[in-house]
Structures are given as C-alpha cells and as structure tokens.
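Please read the structure below before turning to the comments.
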Amino acid sequence: MAQENIEKTATKKVSAQAPRRSIWSGSITIGLVNVPVKLYSMIYDKGINFHFLHKVDGQPLKYVKMCTKDDR
C-alpha cells in the first residue's frame, strides 16, 4: 500500500508557479512586540457568504424583499 502511494505522488504533475511578491509590507507594533506583516494580491476569487442567524436558536434568517404598500 505504501508503494502505491509513492507511485501516485511520483506521477502527479507539478506546475511551476512564479513566486508571489508582496504588494505591501510593514509592521504592527503592540507595546514592545513588533510583528512583520506582508500583503499579497489575491490568487483566485473564492467569495464570502454571510448568513444572518436568529439569536435565540441559531436558525438562519431569510432575506425577503417586500413592498410595504402592497405587502408583496
């Protein structure tokens, strides 16, 4: 079984990627601690989803668009 895993990993094609460069670098200082920070551009768009939850039971809330005049 170990031999099969070695063969599978050996046959995978590895695409060469250009090294990413940071578009901004700086540091955050909190008291005596200095933390270096680098900002990179996005490689792919994954998207972010936000879900509103009811505080009492944690169930998702629906987002319904209704006309206040016609109730539709």
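Structural remarks
- Of all the residues in the range 27-72, those that are on the phi < 0 side of the Ramachandran plot and either over 21 Å from the mean Cα position of the chain (by Cα) or assigned to a strand (DSSP E or B) (or both) number 31.
- Restricting V37, V56, V33 to residues that are at pLDDT 70 or above, surrounded by 10 or more Cβ atoms within 10 Å (Cβ to Cβ) and among the aliphatic types (A, V, I, L, M) narrows the list to V37.
The values are calculated or read from the model by the stated rules, or taken from the named source; none is laboratory data. Treat the numbers as computed from the prediction; the structure is a model and nothing was measured. We place every Cβ from the backbone using ideal geometry, glycine too, and count neighbours over all the protein chains shown.
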